[in-house]
Amino acid sequence: AQTIHQWPVAEIKAVGSPLSLGCTIKGKSSPNLYWYWQATGGTLQQLFYSITVGQVESVVQLNLSASRPKDDQFILSTEKLLLSHSGFYLCAWGDSQDTQYFGPGTRLLVL
Amino acid sequence: QQQVRQSSQSLTVWEGETAILNCSYENSAFDYFPWYQQFPGEGPALLIAIRSVSDKKEDGRFTIFFNKREKNLSLHIKDSQPGDSATYFCAASAGNKLTFGIGTRVLVRP
């Protein structure tokens with residue numbers, strides 16, 4: 001069975017500080033990987049997707065970047081956080097049938 | 001421009017009733033429509049999904065009715081239980097991009 005792990009579970013960070021969020025998928029070879037952002041009480045916005053190691057496509061520009069250093073790992077980062085970055089960050093993996101499965105998420109609060 | 005619209009932001013039903021959640025879309029290229037269930041503080045979980053070649057998909061108490069001509073679909077939750085209280089997202093996919101609606105918060109009263 002596939003499992004998806006996100007770290008950290010939650011973060012409180014200062015405006016202007018750097019950020020790195022991680023996601024690991026186990027039990028699935030060469031998955032499509034996605035990052036989403038969700039405002040509190042809001043919808044999900046797709047940020048990035050990756051279909052292979054080293055290749056990442058940006059969907060929206062939010063002063064964030066993503067990388068895929070390994071087949072099972074997806075990293076979301078920024079050098080300078082903004083207040084608007086607060087929210088719930090979700091990693092997902094996709095199968096060949098277009099279905100996406102979400103991880104438990106990382107709650108981020110920027111002060 | 002909202003490509004996936006959910007007509008109600010909230011819905012309250014009594015235990016045992018059928019909850020009906022409506023969704024519509026604009027992009028004719030969408031061909032896959034999953035519904036996700038999300039509890040507070042958790043990631044969304046896939047509930048049920050349908051492809052545009054079908055008009056109905058059933059899985060236990062959950063049924064999707066799909067109308068391609070009208071570009072709308074609905075999720076029916078039969079015999080609603082208090083444990084079904086959650087936010088339900090309608091989504092639509094064309095390739096690698098999944099577009100979500102704003103979600104419908106469902107409350108099932110015992």
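The values are calculated or read from the model by the stated rules, or taken from the named source; none is laboratory data. Note that the coordinates shown come from a computational prediction; the quantities given were computed from them, not determined experimentally. Ideal geometry is used to build each Cβ from the backbone, glycine not excepted, and the neighbour counts take in all protein chains shown. These area figures cover heavy atoms from the full protein model, side chains too; ligands, DNA and RNA do not enter into them. Shrake-Rupley method; radii C 1.70, N 1.55, O 1.52, S 1.80 Å.
Tally up the residues in segment A:11-36 that are touching a Ser or Thr at 6+ places or on another chain (Cβ under 8 Å), over 23 Å from A:G94 (Cβ atoms) and open to solvent by less than 60 Å² (accessible area, probe 1.4 Å), please.
Residues flagged as touching a Ser or Thr at 6+ places or on another chain (Cβ under 8 Å), over 23 Å from A:G94 (Cβ atoms) and open to solvent by less than 60 Å² (accessible area, probe 1.4 Å) within segment A:11-36 amount to 2.
Quick one: which residue in B:S28, B:S54, B:S74 is over 26 Å from A:P104 (Cα atoms) and under 14 Å from the mean Cα position of the chain (by Cα)?
Answer to the selection: B:S74.
Could you tell me which residue of segment A:54-65 is modelled with the highest pLDDT, considering only residues that are in a loop (DSSP other than H, G, I, E, B) and open to solvent by 50 Å² or more (accessible area, probe 1.4 Å)?
Top of the filtered list is A:G54.
Testing A:I4 on (1) part of a strand (DSSP E or B); (2) surrounded by fewer than 19 Cβ atoms within 10 Å (Cβ to Cβ), one condition comes back false. Which one is that?
(2)
Hey, which of the strands (runs of 3 or more DSSP E) in segment B:22-110, taking only ones fully inside, have at least 2 residues that are modelled with pLDDT under 95 and either open to solvent by less than 70 Å² (accessible area, probe 1.4 Å) or under 24 Å from A:V59 (Cα atoms) (or both)?
Details: elements: B:32-38, B:45-51, B:56-59, B:62-67, B:72-77, B:86-94, B:97-100, B:104-109.
In segment B:22-110, B:86-94, B:97-100 are the strands (runs of 3 or more DSSP E) which contain 2 or more residues that are modelled with pLDDT under 95 and either open to solvent by less than 70 Å² (accessible area, probe 1.4 Å) or under 24 Å from A:V59 (Cα atoms) (or both).
Tell me, please, whether a residue that is loosely packed, with under 13 Cβ neighbours inside 10 Å and of a type in the set (S, T, Y) can be found in segment A:66-79.
No; the residues of segment A:66-79 include none that is loosely packed, with under 13 Cβ neighbours inside 10 Å and of a type in the set (S, T, Y).
What are the residues in segment B:5-14 that are touching a strand residue (DSSP E or B) at 6+ places or on another chain (Cβ under 6 Å) and outside any strand (DSSP E or B), if any?
Taking segment B:5-14 as the starting set, the residues that turn out to be touching a strand residue (DSSP E or B) at 6+ places or on another chain (Cβ under 6 Å) are B:5-8, B:10-14.
Result: B:S7, B:S8.
All but one of (1) more than 14 Å from every other protein chain (Cβ to nearest Cβ); (2) among the small types (G, A, S); (3) without any contact (Cβ under 8 Å) to a residue 12 or more places away in the chain hold for B:S24; state the number of the condition that does not hold.
Condition not satisfied by B:S24: (3).
Only residues in segment A:65-89 that are β-branched (V, I, T) count as the first member; pair them with residues that are assigned to a loop (DSSP other than H, G, I, E, B) and at pLDDT 95 or above, Cβ under 7 angstrom, at least 6 apart or cross-chain, and list the lot.
A:T78/A:P18; A:T78/A:L64
Could you check how many residues of segment A:16-39 are farther than 13 Å from A:Q2 by Cβ, hydroxyl-bearing (S, T, Y) and away from chain B (no Cβ under 14 Å)?
Counting residues in segment A:16-39 that are farther than 13 Å from A:Q2 by Cβ, hydroxyl-bearing (S, T, Y) and away from chain B (no Cβ under 14 Å) gives 2.
For the condition within 29 Å of A:T52 (Cβ to Cβ), in contact (Cβ under 8 Å) with a residue 60 or more places away in the chain and not acidic (D, E), what is the one hit in B:L98, B:L11, B:L107?
Residue meeting the stated conditions: B:L98.
Return yes when A:T78 is modelled with pLDDT of 95 or more and of a type in the set (S, T, Y) and no when it is not.
yes
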